[in-house]
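Below: one structure, written as structure tokens.
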Amino acid sequence: MQHNDAWDATKLVIPDPIRSLLLSWGKTPVEISDVTGRASVAEKRAYFVSFEDGSKAKARVLMGGEHAARWCELRRSVGGQICLSSMLWSEGDAVLEEWIEGDVLPRTAPQDHLLEEPAGVLARIHQIDVSGRGVVDACAEVGKHSPLLSSLTLASAISTDAELQLAAKLSRLAPARMHVGLAHHDFCGENLVLHSSRGVVSIDHEWMRVGSLDFDVARAIRQWKLPDVGIDVFLRGYAAAGGPVDIANLDFWLLANDIFASELRVRRGWPDAPATVKRLMSWIDR
């Protein structure tokens, strides 16, 4: 087999989990290139691979063995879905997925006509039958966000007064119930491809989990940086496709997303942390 020849020709440093994954897959790679989308998460790596038989795939390293085991189990339980790239093979921390041909959607603030179909895709993901799906008490999920505010205060990203005001707003907006189901958790243009026959397909759903669908809708809005008009179009498309989330409590979930995103970016030192914290602080005057 020609594995080493193909890898050496790329002059890439191929992680051992990817080498082992491709060896166990058994096909001979003839081309491999790094297509990692977000280098700020150091452990994440993704590669385009073409094989001697003409097939193509995406090989990726997940965030450690525990995450990989959970994700692979969930992905197998979800099974084949037209709106999700298929998992072909897995070994350890690495997975091999179907390569989807087509144009990647805009990374941020897409035009309205590019929002309705993706919104429908998120609705279909949310309707997939998984264990734990249903409407549940939101108390535990609501309680996750106040400690994140405290972390922001400890990191000097916000003041103690701001923490108290934001915590009070969280409490006022908090819903009693929420929807639980298959959440994408990273739904935005850079993770979606427009395929010629399948329509919009999610090509990167490694953070997929069973969790709050209400949070997931709000996270999609924030991840895609949708303006108010875009939000309206997206929510109409989601509802028209049978999305289960009631948007009556959307403000709470948007605020929860802003807290989550701020804490994550401040903790990791990402360059967009100040802008995200500024958006969070804007809730105080609403």
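The values are calculated or read from the model by the stated rules, or taken from the named source; none is laboratory data. Since this is a predicted model, take the numbers as computed values, not measurements. Heads up: the accessible areas ignore ligands, DNA and RNA and are worked out on the full protein's heavy atoms, side chains in. Shrake-Rupley method; radii C 1.70, N 1.55, O 1.52, S 1.80 Å.
Which lysines, if any, have their Cα less than 17 Å from the Cα of residue 169, not counting same-chain residues under 8 positions apart?
Cross-link targets: 144, 278.
Please check: in the Gaussian network model of the chain (C-alpha springs, under 10 Å), which one of 211, 243, 79 has the largest mean-square fluctuation.
In the Gaussian network model the winner is 79.
Kirkwood Rh over alpha-carbon pairs of the range 218-279, then Stokes-Einstein at 37 °C and 0.692 mPa s: what D in µm² s⁻¹, rounded to an integer?
This corresponds to a translational diffusion coefficient of 260 µm²/s.
In percent, how large is the relative contact order of the range 68-199, given Cα pairs closer than 8 Å and 6 or more residues apart?
36 percent.
What does the accessible area per residue of the range 30-115 come to in Å², with a 1.4 Å probe and no ligands, DNA or RNA counted?
Numbers: 4240 Å² over 86 residues.
Value returned for the range 30-115: 49 Å² of accessible area per residue.
If you average the sequence gap of Cα pairs under 8 Å that are 6 or more apart and divide by the length of the range 195-286, what percent do you get for the contact order? Write out the running numbers ahead of the final one.
Numbers: 40 pairs, mean separation 25.0, N = 92.
RCO, the range 195-286: 27 percent.
What percent of all Cα-Cα pairs in the chain falls in each 10 Å bin, counting up from 0?
Here the calculated profile for the chain is 6, 26, 32, 23, 10, 2, 0.
By its C-alpha gyration tensor, with a ≥ b ≥ c as the square roots of the eigenvalues, how is the range 54-109 shaped: rounded for a/c under 1.5, else prolate for a/b larger than b/c, else oblate?
Working: a/c = 1.65, a/b = 1.49, b/c = 1.11.
In terms of gyration-tensor shape, prolate.
Kindly report the accessible area of the range 210-249 per residue (heavy atoms of protein chains, probe 1.4 Å, no ligands, DNA or RNA), in Å².
Numbers: 1550 Å² over 40 residues.
Dividing the accessible area of the range 210-249 by its residue count gives 39 Å².
Restricting to bridges with both residues inside the chain, how much of the DSSP beta-bridge set is antiparallel, in percent to the nearest 5?
Given both bridge residues lie in the chain, the antiparallel proportion sits at roughly 95 percent.
Report in % the part of the accessible area of the chain that belongs to carbon and sulfur, leaving out ligands and nucleic acids; probe 1.4 Å. Could you put the intermediate results ahead of the total?
On the way: 6920 of 13210 Å².
Accessible surface attributable to carbon and sulfur in the chain totals 52 percent.
Rg over Rh of the range 98-207, using C-alpha atoms and the Kirkwood radius, what does it come to? Could you put the intermediate results ahead of the total?
Details: Rg = 18.2 Å, Rh = 16.8 Å.
On the Cα set of the range 98-207, Rg over Rh gives 1.08.
For the chain, set up a Gaussian network in which alpha carbons nearer than 10 Å are linked by springs, and say which option among 51, 215, 260 fluctuates the most.
Sorting by GNM fluctuation, first place goes to 51.
If all Cα-Cα distances of the range 124-267 are sorted into 5 Å bins from 0 onward, what percent lands in each bin, rounded to whole numbers?
2, 9, 17, 22, 20, 15, 9, 4, 2, 1, 0
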